[in-house]
Amino acid sequence: QERKAYTGQRFHMEPSLTIPLARAAGYKLDSQFKLMYTHYQQEVPEDLDPTYLEYGLGNLDSSTTRVLPSVRVNGGLVFDRMGSWNKNLYTQTLEPEFQYLYVPYKNQDHIGLFDTTTMRQDYYSLFSDRRFAGLDRISDANRVSVGATSRIFDHDSVERLRVTLGQAYNLTNPKVTLTPVDSQSTNSRSLLTLDADAHPSDYWFLRGGVQYDTEQSEVSSGNSAVEYRKQGF
């Protein structure tokens, strides 16, 4: 039997303005302003499948508009030094960075979920302006993210190792949830995220990552992968 689901049409535009505040060799500081406009036309059948009701997705507006501004300031430094190992020269960098993101809260429980899910947690998501993948939920944010990347390049400027470590701190915990029945986050800190990529030879690639919950003092998740590429890059 076919499940009765809601349907909809969505129009979204996101004009942005980026203003470099400081930029030179070895450092940068940028600001970005966005205005996110989304309009939905939604149709909810009277015999909507009960599964949607269980997730609180039965009370959708037939026509609704969401307008949200966002402000983001991010910056970083780059330090590097030369060294030698086994008579071969290499370059090592240290690249600390930070970001402040502010998005005001807006209730979005009356908007259906069409292509949105929780974003995968990794180092780069700490510096994203989105908490969800997709447009149906735009999370409020009052967040500071800090992290650092270290890279090692060989004498041919090939990146052989990259290690990243970072964490985000919520000055105000976000209220927007994926579904209306989900609980709001109570963690003031994100997972402490460590990612590493190694390229020890022309054909071998090693990757790994660990997410550590500093509030619960336990490892939340981890991953690793080994790749062999005969054609090189």
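The values are calculated or read from the model by the stated rules, or taken from the named source; none is laboratory data. Values in this document were obtained by computation on a predicted structure and should not be read as measured data. Methodologically, a virtual Cβ is constructed for each residue, glycine included, from the backbone with ideal geometry; neighbour enumeration extends over all protein chains shown. Remember, those area values only see protein heavy atoms, side chains included, never the ligands or the DNA or RNA. Shrake-Rupley method; radii C 1.70, N 1.55, O 1.52, S 1.80 Å.
Indicate the gyration tensor shape class of the stretch 154-196 (rounded, prolate or oblate), computed on the Cα atoms with a ≥ b ≥ c the square roots of the eigenvalues: a/c under 1.5 is rounded; otherwise a/b larger than b/c is prolate and the rest oblate. Mind dumping the intermediate values first?
On the way: a/c = 4.79, a/b = 3.13, b/c = 1.53.
Verdict is prolate for the stretch 154-196.
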* Structure fact -> With T = 20 °C, eta = 1.002 mPa s and Kirkwood Rh from C-alpha pairs, the Stokes-Einstein D of the stretch 12-104 in µm²/s is about 119
* Helical contribution to [θ] at 222 nm, DSSP H n ≥ 4, -39,500 (n - 2.57), averaged over the chain, rounded to 500 -> -500 deg cm²/dmol
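May I ask you to derive the relative contact order of the chain, considering only C-alpha pairs under 8 Å and at least 6 residues apart, and to give it as an integer percent?
Numbers: 548 pairs, mean separation 30.7, N = 233.
Normalised by residue count, the contact order of the chain is 13 percent.
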* Structure fact -> Inter-part gap, Cα centre of the stretch 173-226 to Cα centre of the stretch 3-37, in whole angstrom, is 24
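What trypsin sites (Lys or Arg not before Pro) does the stretch 10-41 have in DSSP loop regions with at most 12 other beta carbons within 10 Å?
Details: sites: Arg10, Arg23, Lys28, Lys34; in loops: none.
Here no trypsin sites (Lys or Arg not before Pro) fit, given the DSSP loop and packing criteria.
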* Hull surface divided by four, with the convex hull built on the Cα atoms of the stretch 121-169: how many nm²? -> 4.5
* Quick one: length gained pulling Ser183 to Leu17 fully straight, 0.36 nm per residue minus the C-alpha distance? -> 56.4 nm
* **Largest-first principal axis extents, alpha carbons of the stretch 129-233, Å** => 50, 27, 24
* Structure fact -> Quick calc, Thr65 & Glu43: beta-carbon distance into FRET formula, R0 22 Å, rounding 0.05, result 0.85
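At 1.4 Å probe size, with every protein chain present, just tell me what the per residue accessible area of the stretch 80-188 comes to in Å². If you can, show how the numbers build up before the last one.
Values: 5770 Å² over 109 residues.
Ligands and nucleic acids excluded, the figure is 53 Å² per residue.
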* To do: Order these peptides, 90-96, 145-151, 11-17, by their mean beta-carbon neighbour count within 10 angstrom, highest first.
  => 145-151, 90-96, 11-17
